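One structure is given here, and the rest of the page talks about it.
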Amino acid sequence: MTGNEIRARFLKFFADRGHTVVPSSGIIPKNDPTLMFTNAGMNQFKDCFLGMEKREYSRACSSQKCVRAGGKHNDLENVGRTARHHTFFEMLGNFSFGDYFKKEAIAYAWEFLTRDLGLDKNRLYVSVYKEDDEAADIWHLQEGVPRERIFRFGEKDNFWSMGDTGPCGPCSEIFYDQGPEAGCGSPECTVGCDCDRYMEIWNNVFMQFDRSSDGVLTPLPRPSVDTGMGLERISAVMQGVITNYDTDLMQGIIRHVERLSGKKYGANERDDVSMRVIADHSRATTFLICDGALPSNEGRGYVLRRIMRRAARHAKMLGFAEPMLYHTVDAVRDMMGDAYPELLEREAYIKKVVLAEEQRFAETLDRGLAILNDEVASLRAAGKNVIPGDTLFKLYDTYGFPTDLTADIVESEGFTIDEAGFEACMEKQREQAREHWKGSGEEGIAQVFKELHNCGVRSTFVGYDEMSAYGPVV
Ligand code: ATP
Ligand code: MG
Ligand code: MG
Ligand code: MG
């Protein structure tokens, strides 16, 4: 079953059970300054859960574009380290806004996995919050899951809250045993281990309480359900592969990289790593730009830039001398354009932005790498293995190397980086800039803008229209 088929099956399963299929919201959250990127299916329904917004449905399902590469959830460092974490992924979810609760949610999840998808019950495990006897009983008495396959975990893993106050509640997760060959081999390895063996596939959150500022939990009059299942992970399970990168969703892109590079995936581990990074990062890049992000030196734009530069460096390692990432936009479009038609609409614009950033970085990548190689060699000769802050700063400031890119490059040499030293250099530069600014007489210009603002003059962002030769893109 392909990833696209699984997505469609999931949405149909819940539509058949009275859920309204709601399109994914964009990755750049609207009206939510607390969130860097959309990181879960529930984000777009936040106000429904809080009771601040009423819609004409009380049950919904979606396949949500998510990025976890900055902000509260950051999986950037997990990409490549585990077989199951991506920067960009799709979250399948079903939601109840004060409609059904634990009994129905658990019944739906179990029916979908074991009947619709036909998963082997002997490979499935579940977890509940340590005090949630109700959920444990439903799993056991209603669905027949043996008690020994039901794990109880604490707050960190199995209690969800939106913030320090407000709606919160226990959650229940479903895990699939991928077999010993996927595991860490430790005799203690079991559900909850950080390795890939017992892979978390689905989280069911039961919004049950309202937490007040003094920590008191009051039961909500109409409790809700929010669930999320990673499409790439359930695809790996259905396709019998133990890494997400062997699913059709990722292989479609890797095959494109094979064609472009003339190299074969599986022939050599170093190249495989680069192909996986490019596959992951090209999806994040394509969708982030599609949804309105632009590479820059701060905030969301800087996360995007870091992702793109890391991918560009891996392209170089694969032997590409010319920009190539913008070609991977084609592969992402081919794989996902049916489900996300905005990719087809904005394709030309996305490629243009990717190519421009690749060209910009190409000018300094080679020189920066040469400097870094020299530095590694001389530090090693001196018996050291930490890249100092001033070198990190020079690479950042003059050659456009984000520190995590430098860290990534030197890691295989057994080197780490002096992040604190880098921060000190950054602070020094900021101070110098402030000094310069003070003496430049430009405060007057800032004052002019303030006065214009006070008179009601506003600037309008026209970047998309102006940048695209193909008309407005959003
Ligand atoms: P994990 O413990 O594996 O990091 P999580 O507990 O952080 O996952 P949730 O916030 O519960 O994840 O999200 C719901 C589901 O989304 C997970 O069960 C998983 O299937 C999927 N998921 C979460 N993070 C990622 C990711 N970085 N890449 C791919 N899928 C993910
Ligand atoms: Mg996580
Ligand atoms: Mg988890
Ligand atoms: Mg989870």
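The values are calculated or read from the model by the stated rules, or taken from the named source; none is laboratory data. The model shown is predicted, which means the values in this text are computed figures rather than measured ones. Every residue, glycine as well, gets a Cβ built from its backbone with ideal geometry; the counts of neighbours run over all protein chains shown.
Details
- Test result for L365, part of a helix (DSSP H, G or I) and under 32 Å from the mean Cα position of the chain (by Cα): yes
- Each residue in the range 31-40 was checked for being hydroxyl-bearing (S, T, Y) and surrounded by fewer than 21 Cβ atoms within 10 Å (Cβ to Cβ), and 1 pass.
- Listed by first and then second residue, the pairs with beta-carbon distance under 6 Å, at least 6 apart or on different chains, first residue in the range 139-164 and hydroxyl-bearing (S, T, Y), second crowded, with 18+ Cβ neighbours inside 10 Å, are S161/C168.
- Of the residues making up the range 41-61, not one is surrounded by 19 or more Cβ atoms within 10 Å (Cβ to Cβ), small (G, A, S) and either in contact with a Lys or Arg (Cβ under 9 Å, 6 or more places away or on another chain) or without any contact (Cβ under 8 Å) to a residue 24 or more places away in the chain (or both).
- Residue ranges of strands (runs of 3 or more DSSP E) in the range 108-165 with at least 1 members touching a Pro at 6+ places or on another chain (Cβ under 7 Å): 124-129, 159-161
- Among helices (runs of 4 or more DSSP H) entirely within the range 247-357, having at least 1 residues that are buried (at least 24 other Cβ atoms within 10 Å of the Cβ) and in contact (Cβ under 8 Å) with a residue 60 or more places away in the chain singles out 248-261, 269-290, 299-317, 325-336.
- Of all residues in the range 167-194, those that are hydrophobic (A, V, I, L, M, F, W, C) and within 13 Å of ligand 3 (Cβ to nearest atom) total 5.
- The range 3-14, subset of a type outside the set (K, R) and closer than 14 Å to G337 by Cβ, residue surrounded by the most Cβ atoms within 10 Å (Cβ to Cβ): G3
- Of the criteria (1) of a type in the set (D, E, K, R); (2) in the same structural domain as H85 (by TED's automatic domain parsing); (3) buried (at least 17 other Cβ atoms within 10 Å of the Cβ); (4) under 19 Å from the mean Cα position of the chain (by Cα), which one D194 fails: (3)
- Looking only at the range 53-78, residues that are charged (D, E, K, R), within 18 Å of T285 (Cβ to Cβ) and within 11 Å of ligand 2 (Cβ to nearest atom) come to 2 in all.
- In the range 166-183, residue nearest to ligand 1 (Cβ to nearest atom) [restricted to those that are closer than 16 Å to L124 by Cβ and in a strand (DSSP E or B)]: E173
- Among the residues here, T406 qualifies as under 27 Å from the mean Cα position of the chain (by Cα), buried (at least 20 other Cβ atoms within 10 Å of the Cβ) and at pLDDT 95 or above.
- Test set (1) in contact with a helix residue (DSSP H, G or I) (Cβ under 7 Å, 6 or more places away or on another chain); (2) within 16 Å of ligand 3 (Cβ to nearest atom) - F88 fails condition number: (2)
- Check on L92, at pLDDT below 95, surrounded by 20 or more Cβ atoms within 10 Å (Cβ to Cβ) and within 12 Å of ligand 1 (Cβ to nearest atom): no
- Pairs meeting the criteria (first residue in the range 197-213 and more than 17 Å from E155 (Cβ to Cβ), second residue within 15 Å of ligand 4 (Cβ to nearest atom) and not in a strand (DSSP E or B), beta carbons under 7 Å, at least 6 apart or on different chains) are Y198/V191; M199/R84; M199/R233; I201/R233; I201/I234; W202/A109.
- P146 meets all of the listed conditions (1) touching an Asp or Glu at 6+ places or on another chain (Cβ under 9 Å); (2) away from ligand 1 (no atom under 13 Å from the Cβ); (3) at negative phi but one, namely (1).
- Test: residue in the range 226-234 that is part of a helix (DSSP H, G or I) and either outside the structural domain of K46 (by TED's automatic domain parsing) or charged (D, E, K, R) (or both): yes
- Here R17 fulfils each of the conditions (1) in contact with a helix residue (DSSP H, G or I) (Cβ under 8 Å, 6 or more places away or on another chain); (2) surrounded by fewer than 20 Cβ atoms within 10 Å (Cβ to Cβ); (3) in a helix (DSSP H, G or I) apart from (3).
- Residues (loosely packed, with under 12 Cβ neighbours inside 10 Å and either aromatic (F, W, Y) or in contact (Cβ under 8 Å) with a residue 60 or more places away in the chain (or both)) located in the range 180-191: E181
- All conditions in (1) outside any strand (DSSP E or B); (2) closer than 21 Å to R7 by Cα; (3) within 16 Å of ligand 4 (Cβ to nearest atom) hold for G93, with the sole exception of (1).
- For the range 160-174, the set of residues classified as surrounded by fewer than 18 Cβ atoms within 10 Å (Cβ to Cβ) and either among the hydroxyl-bearing types (S, T, Y) or within 14 Å of ligand 4 (Cβ to nearest atom) (or both) consists of S161, T165, listed by residue number.
- Of all residues making up the range 23-40, the number that are touching a residue at least 24 places away in the same chain (Cβ under 8 Å) and touching a Phe, Trp or Tyr at 6+ places or on another chain (Cβ under 8 Å): 3
- Residues satisfying the stated conditions in the range 201-236, i.e. of a type in the set (A, V, I, L, M) and either closer than 18 Å to N94 by Cβ or more than 16 Å from ligand 1 (Cβ to nearest atom) (or both): I201, V205, M207, V216, L217, L220, V225, M229, L231, I234
- Enumeration of residues in the range 209-236 that are away from ligand 4 (no atom under 16 Å from the Cβ) and crowded, with 22+ Cβ neighbours inside 10 Å: S224, S235, A236
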